[in-house]
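Working notes, structure below.
Please treat every number below as a calculation from the coordinates, not as lab data. Here the structure is a predicted model, which is why all the values come from computation and not from measurement. Backbone-built Cβ (ideal geometry, glycine too); neighbour counts: all protein chains shown.
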Amino acid sequence: MLSEELGNKMTKRIDHKLLANERKRISQKDVFNKRKVFDDVLDKTTIMTLSRLISSGVISYVNGVVGSGKESKVYWAVDPAGRDIALKIYLVTTLNFKQKRTYLLGDPRFSRIKKGTRNMVELWAKKEFRNLKQCANNGVPSAKPIYLLKNVLALEFIGKNGVPAKRLVEIEVDYNDYKNAISIITQLYKNAKLVHADFSEYNLFKTERGLIVFDLGSAVDVRHQKAKEFLERDINNISRFFVKRGLVVENPSDIFSRITK
Ligand SMILES: Nc1ncnc2c1ncn2[C@@H]1O[C@H](COP(=O)(O)OP(=O)(O)O)[C@@H](O)[C@H]1O
Ligand SMILES: [Mg+2]
């Protein structure tokens, strides 16, 4: 786990290296694995950020896309030790972030919000990084955050050989998974002091070591004025999923009361 101080030190180190590398800047064609094709949704600044991640040794190269949504794309990268890394890149070219302000406003950890899309996007990445750290520090089974630079978030890769683990939506589930999912919501609230706010079968991996939660960009501090509303929605959504899959579940409002009492 990187502490804030270590993070700052690393940032300084990167800046230092950047200066040294000024002349031999890594170009776009060096960032991506030459054997693989990639799409060109990434803007120049983001490619520059990827270059910085390479020169600072966080990754060696990017291998390909593993997931893509409206606001972000997730890439499979490899670090110098040969380990798989997931890179979640928040897209600067999206307009959706404007609607996201409600998840930032009201969260005491993000009281000062600067205007401008790039700032919003970087803040959003920072928010997910912070949330993931809060999970990791409190034993919530989640993808471990590794590094954050601007709109690029490096995470532990959950899966094998560049193939992400199956999400709940893609795989058979049983009562144990249901219990596990409710336990994660509870741990998020009670230990990490967070409400996921987008908790669903799409954002849970089912792995050999149990369920792993990810996609914590929307998660809010329990002090957020809508935290309870989001918690209720999370419990309802995941309960509905398990009911759809033929399971008998506990009354969602009983779970809500138990978690918040
Ligand atoms: N840590 C990870 N390891 C492997 N694959 C990941 C990881 N995080 C995300 N992915 C893949 O990328 C997809 C999108 O990630 P997610 O964080 O849910 O972004 P979005 O905000 O677009 O929903 C996931 O469904 C998953 O397949
Ligand atoms: Mg998602």
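Observations on the structure shown:
- Residue pairs, from the table Lys166/Lys228; Lys9/Lys261; Lys127/Lys166; Lys160/Lys244, whose Cα atoms sit over 31 Å apart: Lys9/Lys261
- By the count of other C-beta atoms within 10 Å, a proxy for reagent exposure, Glu170, Glu208, Glu201 are ordered fewest to most as Glu208, Glu170, Glu201.
- Taking label points 7 Å from Cα along the Cα-to-Cβ direction, Glu5 and Glu250 give a separation of 4.1 nm.
- Anisotropy class of the stretch 105-233 from Cα gyration tensor, a/c 1.5 cut: oblate
- Whole-Hz couplings from phi, Karplus 6.51/-1.76/1.60, listed for the stretch 167-179; x for Gly and Pro: 8, 3, 4, 9, 9, 5, 10, 9, 4, 4, 5, 4, 4
- Eligible aspartates and glutamates near Lys150 by straight Cα distance, threshold 18 Å, same-chain separation 8 or greater: Glu4, Glu5, Asp15, Asp43, Glu71, Glu122, Glu128, Asp215
- Violating pairs (Cα-Cα greater than 26 angstrom) within the set Lys126/Lys226; Lys70/Lys206; Lys144/Lys179; Lys73/Lys190: Lys73/Lys190
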